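The values are calculated or read from the model by the stated rules, or taken from the named source; none is laboratory data. As the structure is a prediction and not an experimental result, all values here were calculated from the model. So basically every Cβ, Gly included, is an ideal-geometry build from the backbone, and we count neighbours across all protein chains shown. Note: areas computed on protein heavy atoms with side chains; ligands, DNA, RNA excluded. Shrake-Rupley method; radii C 1.70, N 1.55, O 1.52, S 1.80 Å.
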Amino acid sequence: MQLGRHGVAGRWQFWIDRGGTFTDIVALRPDGTLAVRKLLSDNPAHADAALQGMRELLDLPAGAVFAAERIEAVKMGTTVATNALLERRGEPTVLVVTAGFADALRIAYQNRPDIFARHIELPDPLYARVIEVEERVRTDGEVLTPLNEAALRSELAAAHATGMRACAITLMHGYRHPAHERRAAEIARAIGFTQISTSHEVSPLVRFVARADTAVVDAYVTPVLRRYIGGLSDALGRCRLLFMQSNGGLIDAPRLRGKDALLSGPAGGIVGAVAISQRAGHERIIAFDMGGTSTDVSHFRGTFERTHATVIAGARVRVPMMQIHSIAAGGGSILTFDGQRFQVGPQSAGALPGPASYGHGGPLTVTDANLLVGKLDPRFFPRLFGPTGDQPLDRALVEQKFAELARGVGAALGRSVAPEEVADGFLHIAVANMANAIKQISVQRGHDVTEYTLVCFGGASGQHACLVAAALGMRRILLHPLAGVLSAYGMGLADVRVVREATVDEPLHPGLMARLAALAATLKRAALTEISAQELELEATETQLSARLRYAGADAHVAVPLPTAIDP
């Protein structure tokens, strides 16, 4: 569903990407011109970087409420949900499951990321408590064991008494027969749980573990996301606020759920990268987004690539999202030498303390290495640093720290080593890591990467673009004038998107077509109802249908596009 992007006379639009290190803002002025702001996401000088940047552009004093008559829309991507997962700062969550399945998520699929490891370390579960409820429904809908409401009410009340307010509910075959899940949700709501995620709503597809995982993630991060959105909404008053979803589409802020916001920022970057590359005549691209905390790469060849199941920060999630490969290699990735080898990341200095050159006592990072070898010029870098937040990058401090590190490296090697040689060595490692990430989404999937254009964006990608392209044999690089804030720019180019899914789980035969046509019509009505409820001014609407098919006895699915009007 396309949202107007040309602006309304006399009103502003703000397109914002709140990243882990920087918050980028692209503003569409009432006269159609663009303005740009880049601020540290965490800064003692202001409570919220997005609001601060908007106030600066509108010349508003600190704490002022925004006037709706001046702002047409604020379109935003955020890492709030992702950071809640990464840092395990979500809402304490109770998981309600069918009796006998308390350990199902812990057992899961018995994946072994490292097949030679004798000691397997599993990530801690997101849920803090499990409640097994007596109930059982067969796959055909027959109730074998009625829901034991009294026992469930007692255990939920006990969990609520300990301070828990988030609840994830996943019952056997609930995706197809959700009556028990709905009743359990009613009981939890009556007790006082403020966040309730039922599996038939968040992931209405077959497979118990995948549904339960997604419900838990949604219950765990949605309250954190809602608190952040609530703070923004209070400051913005009646201004329209939309958020980018992981699937690459916008949605009205009150309707955003945690499960759909895990790739909110990177998804905007892909939308922006595809838009600028197509305008320049490039249809095959590798999007290379290097920010302060991570590097995100993705492949595009005519259509957006999406995945329906992924693992983010150790949590399994099954929702439609852009296919993005992320590695811990950003401008803030910490450089370390253990006496034998150089290592870049995976730890990041973030926005606070940030790289050493930021003047907050941070460690040496990739940004500092680029500063030392001359790829960064403090004269052209924002003056956002130091104790007062208005100083340039501190080159003298970086030179001192690299000189100390070079002496340690020289002592280990038994020869003199120049600080610039040390910095250059770290940069080559960072480049190799990023090139390998691109190979995973291209060469390993049968694509000849030398025929593609490397579209570079993010605050740090330009410093490494040529080295990464050379390492891959790529001959074309595209750097847009707004490359440093392209993810924010992509927020303004994105469409409103609503996704609806359902499980059919039947053999494909001619008689199934009529049922698919009816199901498609039902899903379309539900999607359009949600769109209309958002009261957005849309230029046009478009419906896309697809079916995920698998061969009998196989596990992998193949996505097949369907006509919008299925002919039985």
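The residues on offer are A540, A517, A556, and the sole one that is loosely packed, with under 10 Cβ neighbours inside 10 Å and without any contact (Cβ under 8 Å) to a residue 60 or more places away in the chain is A556.
Taking into account only those residues within region 473-484 that are outside any strand (DSSP E or B) and without any contact (Cβ under 8 Å) to a residue 40 or more places away in the chain, which is least open to solvent (accessible area, probe 1.4 Å)? Can you show your working first?
Residues of region 473-484 outside any strand (DSSP E or B): 473-475, 480-484.
Those still in the list that are without any contact (Cβ under 8 Å) to a residue 40 or more places away in the chain too: 473, 475, 481, 483.
Working: G473: 35, R475: 171, P481: 126, A483: 10 Å².
Applying the filter and picking the extreme gives A483.
Find the residue count for region 279-288, including only residues that are open to solvent by 20 Å² or more (accessible area, probe 1.4 Å) and in contact with a strand residue (DSSP E or B) (Cβ under 9 Å, 6 or more places away or on another chain).
Here is the first cut: in region 279-288, the residues open to solvent by 20 Å² or more (accessible area, probe 1.4 Å) are 279-284.
Now narrow it down to the ones that are in contact with a strand residue (DSSP E or B) (Cβ under 9 Å, 6 or more places away or on another chain): 280, 282-284.
Total meeting the criteria: 4.
Can you name the residue in region 26-48 that is at pLDDT 90 or above and in contact with an Asp or Glu (Cβ under 8 Å, 6 or more places away or on another chain) and, of all such residues, is surrounded by the most Cβ atoms within 10 Å (Cβ to Cβ)? The qualifying residue surrounded by the most Cβ atoms within 10 Å (Cβ to Cβ) is R37.
I'm trying to understand the selection: among the residues of region 383-404, which are in a helix (DSSP H, G or I) and open to solvent by less than 40 Å² (accessible area, probe 1.4 Å)?
If we filter region 383-404 for residues that are in a helix (DSSP H, G or I), which is where we start, we get 395-404.
Correct list: V398, F402, A403.
Looking across region 333-375, the residues that are within 28 Å of the chain's Cα centre (by Cα), touching a residue at least 12 places away in the same chain (Cβ under 8 Å) and part of a loop (DSSP other than H, G, I, E, B) come down to A349, G350, A351, L352, G354, P355, H360, G362, P363, L364. Looking only at region 49-65, residues that are open to solvent by less than 60 Å² (accessible area, probe 1.4 Å), at pLDDT 85 or above and over 26 Å from P266 (Cβ atoms) come to 3 in all.
Looking across region 177-219, the residues that are of a type in the set (G, A, S) and open to solvent by 10 Å² or more (accessible area, probe 1.4 Å) come down to A179, A190, G192, A210.
Anything in region 294-319 that is assigned to a loop (DSSP other than H, G, I, E, B), farther than 15 Å from G265 by Cα and touching a residue at least 40 places away in the same chain (Cβ under 8 Å)? List them, or say none.
Going residue by residue through region 294-319, those that are assigned to a loop (DSSP other than H, G, I, E, B) are 294, 302-305, 308-309, 313-314, 318-319.
Still in the running and farther than 15 Å from G265 by Cα: 302-305, 308-309, 313-314, 318-319.
Passing the criteria: F304, H308, A309, A313, G314, R318, V319.
Across region 543-553, the qualifying residues are those that are open to solvent by 70 Å² or more (accessible area, probe 1.4 Å) and not in a strand (DSSP E or B), and the one among them that is modelled with the highest pLDDT is Y551.
State all residues of region 254-293 that are aliphatic (A, V, I, L, M), closer than 19 Å to L538 by Cα and touching a residue at least 60 places away in the same chain (Cβ under 8 Å); if no residue qualifies, say none. Working first, answer last.
Of region 254-293, the ones aliphatic (A, V, I, L, M) are 256, 261-263, 267, 270-271, 273-276, 280, 285-287, 290.
Imposing the further condition that a residue be closer than 19 Å to L538 by Cα reduces the set to 256, 271.
Of everything in region 254-293, just one residue is aliphatic (A, V, I, L, M), closer than 19 Å to L538 by Cα and touching a residue at least 60 places away in the same chain (Cβ under 8 Å), namely V271.
Can you tell me which residue within region 1-14, out of those that are open to solvent by 10 Å² or more (accessible area, probe 1.4 Å) and part of a strand (DSSP E or B), is modelled with the lowest pLDDT? Let's see the steps before the verdict.
So the first thing to find is which residues in region 1-14 are open to solvent by 10 Å² or more (accessible area, probe 1.4 Å), and the list is 1-12.
Subsequent filtering for residues that are part of a strand (DSSP E or B) retains 2-3, 12.
Details: Q2: 45, L3: 49, W12: 93.
For region 1-14, the residue satisfying everything is Q2.
Of all residues being among the hydrophobic types (A, V, I, L, M, F, W, C) and in contact with a Leu (Cβ under 8 Å, 6 or more places away or on another chain) in region 299-318, which is modelled with the lowest pLDDT? Just the residue, please. Lay out the reasoning, then the answer.
Within region 299-318, the first condition is being among the hydrophobic types (A, V, I, L, M, F, W, C), and the residues that meet it are 300, 304, 309, 311-313, 315, 317.
Of the ones still in play, those that are also in contact with a Leu (Cβ under 8 Å, 6 or more places away or on another chain) are 312-313, 315, 317.
Values: I312: 81, A313: 74, A315: 84, V317: 91.
If we take residues in region 299-318 being among the hydrophobic types (A, V, I, L, M, F, W, C) and in contact with a Leu (Cβ under 8 Å, 6 or more places away or on another chain), then A313 is modelled with the lowest pLDDT.
Here A437, A412, A423, A432 are screened, and the one residue that is under 26 Å from G359 (Cα atoms), in a helix (DSSP H, G or I) and either open to solvent by less than 80 Å² (accessible area, probe 1.4 Å) or out of contact with any Ser or Thr (no Cβ under 6 Å at 6 or more places or on another chain) (or both) is A423.
Please find, among E132, E72, E87, the residue that is over 30 Å from R29 (Cβ atoms), charged (D, E, K, R) and either surrounded by 11 or more Cβ atoms within 10 Å (Cβ to Cβ) or touching a Pro at 6+ places or on another chain (Cβ under 6 Å) (or both). Show your work before the answer.
Details: E72 fails: over 30 Å from R29 (Cβ atoms); E87 fails: either surrounded by 11 or more Cβ atoms within 10 Å (Cβ to Cβ) or touching a Pro at 6+ places or on another chain (Cβ under 6 Å) (or both).
Answer to the selection: E132.
For region 255-278, check the following and say yes or no: at least one residue is surrounded by fewer than 24 Cβ atoms within 10 Å (Cβ to Cβ) and assigned to a strand (DSSP E or B).
So the first thing to find is which residues in region 255-278 are surrounded by fewer than 24 Cβ atoms within 10 Å (Cβ to Cβ), and the list is 255, 257, 274-278.
Among the residues that remain, those that are also assigned to a strand (DSSP E or B) are: none.
No - not one qualifying residue is present in region 255-278.
Filter region 90-129 down to residues that are among the charged types (D, E, K, R) and in contact with a strand residue (DSSP E or B) (Cβ under 7 Å, 6 or more places away or on another chain) and give me whichever is surrounded by the fewest Cβ atoms within 10 Å (Cβ to Cβ).
Restricting attention to region 90-129, the residues satisfying the condition of being among the charged types (D, E, K, R) are 91, 103, 106, 112, 114, 118, 121, 124, 129.
Cutting the leftovers down to in contact with a strand residue (DSSP E or B) (Cβ under 7 Å, 6 or more places away or on another chain) gives us 91, 129.
Working: E91: 23, R129: 15.
Ranking the candidates gives R129 first.
Quick check: anything in region 451-466 open to solvent by 80 Å² or more (accessible area, probe 1.4 Å) and under 24 Å from G19 (Cβ atoms)? Taking every residue of region 451-466 in turn, at least one turns out to be open to solvent by 80 Å² or more (accessible area, probe 1.4 Å) and under 24 Å from G19 (Cβ atoms).
How about region 160-203: which of its residues are part of a loop (DSSP other than H, G, I, E, B) and more than 21 Å from A81 (Cβ to Cβ)?
Quick first cut of region 160-203, residues part of a loop (DSSP other than H, G, I, E, B) only: 162-165, 171-178, 192-194, 203.
If the condition is that a residue be part of a loop (DSSP other than H, G, I, E, B) and more than 21 Å from A81 (Cβ to Cβ), then T162, G163, L171, M172, H173, G174, Y175, R176, H177, P178, G192 are the ones that fit.
Any residue in region 189-213 that is more than 22 Å from T310 (Cα to Cα) sitting within a Cβ distance under 8 Å of a residue that is open to solvent by 20 Å² or more (accessible area, probe 1.4 Å) and among the β-branched types (V, I, T)? List the pairs, counting only those 6 or more apart or interchain. Filtered contacts from region 189-213: R189/I196.
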